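Shown next, in structure tokens, is the structure this report addresses.
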């Protein structure tokens, strides 16, 4: 048998490696479910409230992968599930979302926001809201709600999408009193930076009007939860060569600032059905409430 030359051996090794990477990216990693755990807040007493974030489902089917996601959520026993946009990217998939929601515990409180794809796909938003509602989930579009989680309060604001919708922070917070446990849901992570500037402007306007800064500063959220980036979807050692408009400088994980930001890698895929270095994520936040 003729032996391989060094060049042939290297070429064969590279081809084998590329095949393995491709198999992982298209067949293995998109089907994984990675659970990440985080702590929010301090100084409170009693049990931390458990908040699970699901983002960027991009549902094309409800099968074994979606069942694994639902079982991962159930195992975390959340007090609240938040869905941060791009649950579907096709106007014909609203009922598919209902099928997925039926896999989640009916007794768990749930809230959702819109992503860019619900707008771009021209999803019937009234139908979408009714579908969420039938499964115990409230769709927030520039709205704030005060939730009661096992005797503790959590203020949740849900903003419309930054690049596909019409977000209105002032309208979202109008008439809302400051609260020490305030969570903001915004699909695009770049929205956090705009929000910080808008809140600073609102505080300055209030100070000019009253002669002293009012309680607007106390309205700064504890954190913002976003998605949109898919963690880059194809990420090389943490570097994501392609990210969608609205990502800003963010890829995945925690980012400091006046308002801390967490960017979920999300669940599904878009454009190409592949993930590499950015496995699907179910994120758990153990929130120690002050109230």
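Quick notes on this structure:
- In the set 254, 239, only one residue is over 11 Å from the mean Cα position of the chain (by Cα), within 20 Å of residue 51 (Cβ to Cβ) and surrounded by fewer than 18 Cβ atoms within 10 Å (Cβ to Cβ); that residue is 254.
- The residues of the range 88-133 that are without any contact (Cβ under 8 Å) to a residue 40 or more places away in the chain, closer than 14 Å to residue 70 by Cα and buried (at least 21 other Cβ atoms within 10 Å of the Cβ), listed by number, are 101, 104, 110.
- Among the conditions (1) under 16 Å from the mean Cα position of the chain (by Cα); (2) buried (at least 20 other Cβ atoms within 10 Å of the Cβ), the only one that residue 50 does not satisfy is (2).
- Restricted to the range 106-203, the set of helices (runs of 4 or more DSSP H) holding at least 1 residues that are touching a strand residue (DSSP E or B) at 6+ places or on another chain (Cβ under 7 Å) and modelled with pLDDT of 95 or more comprises 125-134, 169-173.
- Breaking point among (1) within 24 Å of residue 270 (Cα to Cα); (2) at pLDDT below 95; (3) touching a strand residue (DSSP E or B) at 6+ places or on another chain (Cβ under 9 Å), for residue 28: (3)
- Selection within the range 265-291: residues that are farther than 21 Å from residue 63 by Cα and out of contact with any helix residue (DSSP H, G or I) (no Cβ under 8 Å at 6 or more places or on another chain). The member of this set that is surrounded by the fewest Cβ atoms within 10 Å (Cβ to Cβ) is 291.
The values are calculated or read from the model by the stated rules, or taken from the named source; none is laboratory data. This one's a predicted model, so the numbers in the text were calculated from it and none came from an experiment. With ideal geometry, Cβ positions are generated from the backbone for all residues, glycine too; neighbour counts draw on all protein chains shown.
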